[in-house]
Amino acid sequence: MCGIVGYCGPKKATGILLDGLKRLEYRGYDSAGIVVQKDGGLDGVKRTGKINDLRAIVPEAMTGNCGIGHTRWATHGGVTDLNAHPHFDSANRIAVVHNGIIENYTQLKAHLNAEGVVFRSETDSEVLPHLIAMYYEGDLEKAVRSALRRVKGTYGIAVIHADEPMRIVGARNGSPLVVGVGENEMLIASDVTAMIAHTKQVVYMEDGEIVSITPDGFTMTDIEDKKVNKQVDEITWDLGSIEKEGFACFMEKEIFEQPETIAQTLSGRIDAEYATGKLGGLNMSSRELLGVKRVKIVAAGTSWHAGLIGAHLIESIARIPANAEFSSELRYRNCVVESDTLYFAVTQSGETADTLYAMRELKRKGARVLGICNVVGSTIARESDGGAYTHAGPEIAVASTKAFTSQIAVFYTFALLMARMRDMSISSGFRYVKALQSVPEKVRETLTRRDEIQRIAKKYCHARDFLFLGRGLMYPVALEGALKLKEISYIHAEGYSAGEIKHGPIALINEETPSIFLVPADELREKVLSNMKEIKARNGPIIAFCTEGDEEVASIADEVVTIPRIDELFYPFLATVPLQLFAYFCALELGRDVDQPRNLAKSVTVE
Ligand code: M6R
């Protein structure tokens with residue numbers, strides 16, 4: 001969703017802001033703008049379209065050493081140049097960029113209108129510069145603090161004033177903001193990717209904090225103006241992680257990174273001597289883990305699919321009742337919280353509003369909530385009671401791929417840990433560990449099916465609808481395959497339990513509606529074969545993903561992609577990867593913007 005970047009220091013701000021915004025493109029946006037302090041005033045440009053469109057209209061003369069920039073994803077007000085950020089006060093002395101939603105903007109706007117303020121945009125954000133101007137008496141930080149006391153809603157903001165050269169004031173409440181500490185230069189951004197080219201030293205802001213930055217450093221206070229001491233963290237990954245490095249797009253790169261990212265997730269998390277999982281970050285003793293009677297997982301989108309796999313594993317091998325629920329549902333229902341239930345919030349970004357608020361609601365009721373997050377220092381990672389980072393590295397493509405396989409890798413280690421404390425014998429544990437450790441190599445082998453998958457994608461990508469079908473652990477994989485296809489290729493696709501098609505969806509089957517079957521050599525293979533035959537009998541084209549050497553599947557399906565043989569519990573890794581490739585090649589063939597599909601944002605920080 002929206003992105004913020006700000007810079008003050010000896011270098012020219014314009015290029016740094018535009019490059020920073022370029023790095024934030026992956027979050028999804030529809031318009032962008034920048035503003036710099038120049039000759040005692042403010043000089044800004046903004047427009048709809050891509051960062052390159054913005055770059056094209058930035059005048060050469062627009063130089064300055066301090067400025068702020070923004071990518072907007074429309075919520076209040078259409079996609080227009082005027083609604084793009086920055087927004088200015090009436091005198092054009094104050095500029096604000098804002099992520100989040102000002103909930104009481106109608107009342108604030110009415111009040112400001114009554115004071116004679118004329119609004120230029122339809123956004124909620126524009127109330128901020130006018131409010132700050134109302135309180136401004138020569139101290140920008142003070143004015144921001146006073147203005148924010150009147151604001152209800154969520155925000156991450158960066159503000160500059162023409163009369164306060166080389167100063168940026170930032171504030172956070174519900175929308176992430178990070179301060180970058182450089183040598184005689186400082187940055188502020190909604191996401192570290194926007195500043196990694198300049199510094200790896202960062203300070204994560206908490207809700208309710210206000211920062212004032214100048215090239216010499218920063219001061220952090222709370223809304224009551226009390227000083228807050230902050231620690232400076234070091235980012236552990238480098239610029240290469242957020243560059244395409246020879247791949248056509250980030251999604252392709254991230255799909256092919258999975259042998260390494262899964263290995264990275266598993267690294268240090270398997271105790272080979274006792275054949276169990278090691279997850280120190282859970283912050284729970286063995287006695288506490290033994291007392292867990294139920295596991296509940298909350299998440300959205302792809303992370304929810306990972307949660308479904310996690311719940312299945314935990315219940316089937318650790319024998320602990322487990323389920324996964326949409327965070328957007330849980331946050332608004334009066335859920336029962338029990339003291340012996342362990343909760344997980346699963347999220348790549350660590351900022352998804354639905355998951356964050358579901359977690360807060362659970363914690364308010366006294367639940368212990370663990371986070372499974374990819375982005376280090378993200379809000380959910382910091383507010384959870386413990387958890388595990390997925391360590392998949394930055395995921396830039398909007399469609400989640402490597403984060404998903406790393407999320408499930410965490411669940412495989414957690415399920416093992418819990419199972420080995422209960423029913424699983426050490427010899428079964430050794431078998432499990434051996435299979436789990438073989439996953440990265442088997443994923444690498446699966447990726448060699450690339451050309452075959454591309455051929456099939458080319459042949460079928462003009463279909464209007466697809467069904468993705470699987471059972472057991474393959475059911476969430478089917479949901480994930482369908483989600484991947486629809487989000488990046490815009491082809492309608494439904495994921496279903498293969499056992500459910502006879503209860504309705506089979507009516508959709510005809511010669512033009514392909515069914516993608518996930519039918520590896522697991523305990524439900526025979527059942528899925530029967531479901532395949534039901535489709536075949538109705539002339540539906542079948543693309544099957546099965547274990548290598550499965551001649552029976554090959555004899556029924558129209559197209560077959562084989563995956564390597566592995567212990568049956570571990571097929572979710574090997575079945576997911578070819579579906580990611582299938583979606584990718586369909587989108588490529590159809591000429592879609594693979595990394596930034598229409599209407600989507602990488603991190604969904606609004607409801
Ligand atoms: O950052 P999160 O994992 O919390 O994001 C959840 C969903 O928004 C996300 O998985 C979304 O469904 C992706 N576009 C899927 O590819």
- Item | Listed residues Val97, Leu24, Ile132: farthest to the positive end of the dipole of segment 1-144 (Cβ charges) | Leu24
- Task: Report the accessible area of Glu122, computed with a 1.4 Å probe over the heavy atoms of all protein chains in place, in Å² rounded to the nearest 10.
- Result: 100 Å²
- Query: Using a simple charge model, +1 on the beta-carbon of Lys and Arg, -1 on the beta-carbon of Asp and Glu, nothing else, what dipole does the chain show about its Cα centre, in debye to the nearest 20?
  - Reply: 740 debye
- Message: Highest mean first, how do 450-463, 234-247, 293-306 rank when packing is the count of other Cβ atoms within 10 Å averaged over residues?
- Response: 293-306, 450-463, 234-247
- Message: I need to check one value: relative contact order of the chain, counting alpha carbon pairs closer than 8 Å and at least 6 residues apart, in percent.
- Response: 12 percent
- Item | Gain upon complete extension [Glu500, Glu589; 0.36 nm per residue less C-alpha separation] | 28.9 nm
- Task: Taking a cut-off of 24 Å between Cα atoms, list the lysines near Lys293, but don't count ones fewer than 8 places away on the same chain.
- Result: Lys278, Lys363, Lys365
- Message: In Å², and per residue, what accessible area does the chain have when probed at 1.4 Å with the other protein chains present?
- Response: 37 Å²
- For the peptides 59-67, 254-262, 410-418, 140-148, what is the packing order when you average, over each peptide's residues, the other Cβ atoms within 10 Å and list the highest mean first? 410-418, 254-262, 140-148, 59-67
- Task: Heads up, I need the accessible area for Tyr343: 1.4 angstrom probe, whole protein in place, Å², nearest 10.
- Result: 0 Å²
- Message: Can you sort Arg565, Arg172, Arg287 by solvent-accessible area, 1.4 Å probe, largest first?
- Response: Arg287, Arg565, Arg172
- Note on segment 445-591: contact order normalised by length, alpha-carbon pairs under 8 Å, 6 or more apart, percent, works out to 33 percent
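Quick test of the membrane-span-like rule: which DSSP H helices of the chain reach at least 18 Å along their long axis (C-alpha atoms) with mean Kyte hydropathy at least 0.5?
301-318, 402-420, 571-589
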- Query: Can you give the FRET efficiency for Arg464 and Lys536, using 1/(1 + (r/R0)^6), R0 = 35 Å, r = Cβ-Cβ distance, to the nearest 0.05?
  - Reply: 0.95
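Trypsin sites (Lys or Arg not before Pro), restricted to segment 566-607: which are DSSP loop and have at most 13 other Cβ atoms within 10 Å?
Of the trypsin sites (Lys or Arg not before Pro), the ones in loops of segment 566-607 whose Cβ has at most 13 other Cβ atoms within 10 Å are Arg598.
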- Task: Over segment 159-254, calculate the relative contact order: mean separation of alpha carbon pairs under 8 Å at least 6 apart, over the residue count, as a percent.
- Result: 24 percent
- Note on the structure: With only helices counted (DSSP H, runs n ≥ 4, each -39500 (n - 2.57)), the per-residue ellipticity at 222 nm for the chain, to the nearest 500, works out to -10500 deg cm²/dmol
- Which residue, chosen from Leu308, Asn283, Leu330, occupies the Cα position most advanced towards the positive end of the dipole of segment 256-335, where the dipole is computed from +1 (Lys, Arg) and -1 (Asp, Glu) charges on Cβ about the Cα centre? Leu330
- Message: Greater than 24 Å separation of Cα atoms is the criterion. Which listed pairs, Lys296/Lys486; Lys402/Lys602; Lys227/Lys602; Lys200/Lys230; Lys253/Lys434; Lys459/Lys536, meet it?
- Response: Lys296/Lys486; Lys227/Lys602; Lys253/Lys434
- Task: Tell me the label-point distance for the pair Glu452, Leu600, using the 7 Å Cα-to-Cβ offset, in nm and rounded to one decimal.
- Result: 2.6 nm
- Inter-label distance for Ala56 and Lys152, nm, one decimal - labels placed 7 Å from Cα along Cα-to-Cβ: 4.4 nm
- Task: Output the lone cysteines of the chain: those with no second cysteine's C-beta under 4.7 Å from their C-beta.
- Result: Cys2, Cys249, Cys335, Cys373, Cys546
- Query: Got a number for carbon plus sulfur as a percent of segment 445-591's accessible area, 1.4 Å probe?
  - Reply: 46 percent
- Between Ser286 and Glu329, the two model label points (7 Å from Cα along the beta-carbon direction) sit apart by a distance in nm of 3.7 nm
- First compute the accessible area of segment 271-330 with a 1.4 Å probe, then give the percent of it belonging to carbon and sulfur atoms. 49 percent
- Message: Using the Karplus curve 6.51 cos²θ - 1.76 cosθ + 1.60 with θ = phi - 60°, what ³J(HN,Hα) values do you get for each residue of segment 59-73, in whole Hz, with x for Gly and Pro?
- Response: x, 4, 6, 7, 10, x, 10, 9, x, 9, x, 8, 10, 10, 10
- Item | For segment 3-235, projected area of the alpha-carbon convex hull averaged over all directions, nm² | 11.0 nm²
- Descending semi-axes in whole angstrom, ellipsoid equivalent of the chain, from the Cα gyration tensor: 45, 27, 21
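The values are calculated or read from the model by the stated rules, or taken from the named source; none is laboratory data. Bear in mind the structure is a predicted one, so any value in this text is a computation, not a measurement. Note that we place each Cβ from the backbone using ideal geometry, even for glycine, and neighbour counts take in every protein chain shown. Note: areas computed on protein heavy atoms with side chains; ligands, DNA, RNA excluded. Shrake-Rupley method; radii C 1.70, N 1.55, O 1.52, S 1.80 Å.
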